[in-house]
1. Suppose R0 equals 60 Å. What FRET efficiency, 1/(1 + (r/R0)^6) with r the Cβ-Cβ distance, do LEU193 and VAL64 give to the nearest 0.05?
2. Using 0.36 nm per residue, how much length does the chain from GLN42 to ARG336 gain when fully extended, once their Cα-Cα distance is taken away?
3. Would you mind giving the three semi-axes, in whole Å and largest first, of the ellipsoid equivalent to segment 555-614 according to its Cα gyration tensor?
4. What distance in nm lies between label points placed 7 Å from Cα along the C-beta direction at GLU363 and GLU400?
5. Given the whole protein assembly as supplied and a 1.4 Å probe, what does the accessible area of TYR171 come to in Å², nearest 10?
6. Among LEU155, TYR442, ALA554, whose Cα sits farthest toward the positive end of the charge dipole of the chain (+1 at Cβ of Lys/Arg, -1 at Cβ of Asp/Glu, about the Cα centre)?
7. What's the extension gain from GLN738 to ARG457 if we count 0.36 nm per residue and subtract their Cα-Cα distance?
8. May I ask you to derive the FRET efficiency for ASN794 and LEU207 from their Cβ-Cβ distance with R0 = 45 Å, giving the value to the nearest 0.05?
Amino acid sequence: MRLLSLLVVLPLAAADLILPEAVERQGTIDVTFRANGMVTGQGEFSLRWTDIHNRVIEDSTRAVELVDESEIRFRLDARRIRAMKNTLEARLVVAGKEQTAKRDFIGRPENTDWWDYIILMWNRYSARDFGTLKSMGINAGQIVGNNQPPPPFLLENDLRWYAENIATDFYAAYHRYFPDRPKTYLFREAKELYARDPASKEAFKRLPSLSDQAWLDRVSERIEKAVRMHKPWGPVFYSLGDESGIADLAAYWDFDFSDHSLTAMRPWLRERYGTLGALNQQWGTNFKSWDRVIPDTTNEAMKRADGNWSSWADHKDWMDEAFARALKVGADAAHRVDPRAFVGIGGAQMPGWGGYDYARLVEVLNAFEPYDIGNNIEIIRSLAPSTPVVTTSFAKGPWEKHRVWYELLHGNRGMLIWDEANEFVDKSGKVADRGAEAAAYYKELRSGIATQLMNSRRLADPIAIHYSQASLRTEWMKQHQPKGEAWLRRNASTERMDSDFLRARESWCRLVEDLGLQYNFVSYRQLEKGELARGGYRVLILPRSSSLSEAEAAEIRAFTERGGVVLADIEPGTHDEHSRKLAQSRLAGVRITQVDAGILNYHQARLLGKEEPVRERLRSLIPVTPAIKVSDAAGAAVTGVELHTFVNGGATIAALHTNPQLRVNELGPPEFKSNERFEKQRDLRVTLPREMTVVDLRTGKAMGRLRQWAVSLDPYEPRIFALFPHDPPKLSVSAPAQVTLGANAEVVVATGDNAHQVLNIDVIAPNNQTVPHYSGNLLVRNGTATRTVPMAKNDSPGKWTLRIRDILTGQLTTVTFEAR
């Protein structure tokens with residue numbers, strides 16, 4: 001009879017399974033099996049659901065009776081999804097006739113709102129090698145955004161990606177890959193064009209112009225297409241361009257005098273000035289109509305003897321605006337398709353030229369992958385604390401480990417690895433030296449501590465550092481006007497290494513940190529809108545703030561009248577926001593303490609142990625003392641140890657980390673090119689304002705009730721402590737005693753606090769092996785959470801164990817259930 005039944009089953013044309021292309025991992029999935037034609041009779045319907053982990057999530061057969069029907073509808077439990085790639089197979093047999101259907105669907109990743117730490121590998125490895133990389137803690141990769149997803153080498157390992165280089169040809173036109181020439185080829189061409197005809201502005205016309213509407217439309221359409229392709233897979237973020245900029249990176253150049261740019265600039269100027277007469281008065285010009293307005297080139301501005309660089313400065317200001325507007329076009333295109341997407345740029349540069357006015361950029365982008373230069377990381381996290389930032393890892397060794405921890409403590413939500421030499425996994429598939437070295441701290445970062453810091457609120461003391469793009473322009477012109485056309489030979493590197501403006505800002509940051517304090521940058525835009533009062537600041541630092549608007553000056557004046565302390569390293573406000581020299585400072589008569597010139601080189605002096613006079617002078621001027629005091633073992637002040645504090649519910653997190661100079665090789669003469677002073681273990685003492693319960697977050701060790709304790713600080717790794725006013729609540733965990741294979745084990749946790757606590761959960765199979773796709777971090781947002789362990793039909797029967805560590809309190813507990 002069995003043979004006869006097989007013989008009479010006749011295949012028909014394929015049926016279909018109807019369900020969403022991508023589903024969230026919660027709620028239910030509505031699925032329809034659509035037969036090929038109407039079906040009548042009794043039979044059976046079989047369903048099999050599998051995923052990339054070889055889990056058999058569903059495997060069932062049920063009887064059906066159909067009467068002129070073509071559809072069978074059913075629901076699946078979306079909480080059972082543990083992979084991006086899932087496959088459904090269905091089979092309907094009625095009256096001896098068989099119909100089958102097969103459909104893949106996507107389980108969108110759980111971390112699409114970026115609450116968990118992400119380590120991305122930029123370079124392309126094989127699927128085999130990405131499996132090895134995943135075992136090191138790397139949990140994402142990258143593909144070119146215009147390529148069709150998914151990339152098999154990532155999908156086979158259930159790894160996410162970010163979509164990059166979507167419009168680099170537009171946003172980084174003068175610093176991009178060419179197969180047969182250097183990436184800076186077009187920038188070099190522009191310089192050569194100027195050398196051939198200095199009287200012409202052709203070399204100062206950006207191709208393509210950031211204001212060319214045809215290009216903007218083309219790029220917008222391309223980005224929409226790319227996001228439409230990638231959206232179902234939930235990429236980590238979309239990168240509009242890599243190492244973008246108005247010219248080559250953050251190099252100075254006189255872009256953009258094209259018709260597209262000038263035509264767009266004039267309405268912007270009209271909006272700012274109101275009348276042509278007002279513009280002429282500010283610029284010292286006599287234009288007869290708006291369509292004749294053309295700003296000064298750099299050479300023309302340098303020839304002015306009246307200190308009025310308004311025309312030149314407004315053009316540079318416009319180019320920052322044009323760059324931001326162009327990026328907004330790209331971000332808006334992405335968000336039209338995927339409103340939840342993180343959209344940014346890769347290889348973002350130091351604050352300064354090239355369009356890098358971060359006060360504007362944080363308003364149009366919601367993700368950044370910057371190189372940590374010129375305090376851009378601090379500026380981004382100050383101006384947009386909820387914006388995800390990742391930085392790139394190029395190196396190896398102890399200082400690279402230090403840098404990864406450093407960036408985390410300064411607000412990063414992950415990292416991007418550059419490995420073009422197969423230093424993580426070699427060609428034979430073996431773990432290489434750099435990979436072996438990094439795996440230990442990558443795994444620790446991914447095991448909850450990084451995620452706990454990300455989901456805690458970083459604290460700053462009431463100290464504001466002025467972020468002024470107008471002052472950057474003025475100070476640049478003051479520095480380079482005497483040198484004439486030497487500016488034409490400058491590039492992005494010289495702008496970085498030969499800038500008193502950047503040096504001053506760097507020194508102020510290190511000085512405040514060496515006092516055991518933290519700060520926020522306050523932008524010129526925020527200052528005008530009352531941020532000093534709204535933020536409760538007590539100290540305002542003006543690093544080379546030569547240019548101030550009337551609104552900024554009024555806010556500073558009001559700040560001092562409320563008792564605020566203002567510190568400056570030069571006379572501030574000598575120029576207006578258009579870089580025009582004023583008859584007297586806009587802060588004339590305001591109580592300001594001007595610090596001596598030693599502040600400019602503080603970042604160098606601290607490397608040689610020569611920082612104390614300046615540091616102690618500033619200690620006497622800043623009326624803020626750290627709530628948590630860090631000293632050496634004898635109680636004396638220390639240099640080169642940074643204190644980071646976070647709050648989370650009723651807990652305070654205090655992290656200590658050595659604070660050397662990043663990019664130390666760029667600090668000038670040889671004696672300044674070493675962090676040797678900070679390469680030693682430090683014996684420290686931590687003193688709290690009152691006795692508290694202390695937990696070592698990295699070890700989970702409860703240290704008891706303390707007000708003071710000794711700390712040995714490694715040169716490269718931080719010490720991180722959680723501080724509680726009372727003993728933290730006990731972690732409560734409940735799980736079912738038995739679970740049927742193919743059903744869900746619902747594990748309920750209660751932390752007893754409203755903090756955003758992170759639990760690291762290892763799910764261990766009966767063979768004592770941790771199961772990665774059931775394990776990971778759980779964010780408990782309101783005191784309780786449920787972890788669903790969706791047992792597959794083909795999981796091993798026996799005793800399963802959940803080992804749960806509460807990162808914030810250090811508590812460790814285990815629960816077990818029997819799977820049958």
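The values are calculated or read from the model by the stated rules, or taken from the named source; none is laboratory data. Quick caveat, the model's predicted, so the values are computed rather than measured. Methodologically, a virtual Cβ is constructed for each residue, glycine included, from the backbone with ideal geometry; neighbour enumeration extends over all protein chains shown. Accessible surface areas use protein heavy atoms only, side chains included; no ligands, DNA or RNA. Shrake-Rupley method; radii C 1.70, N 1.55, O 1.52, S 1.80 Å.
1. E between LEU193 and VAL64, to the nearest 0.05, is 0.20.
2. Details: separation 294, 0.36 × 294 = 105.84 nm, distance 4.77 nm.
Gain in length upon complete extension: 101.1 nm.
3. 27, 16, 8
4. Going by the 7 Å Cα→Cβ label model, 3.9 nm.
5. 0
6. TYR442
7. 97.2 nm
8. The pair ASN794/LEU207 has a calculated efficiency of 0.15.
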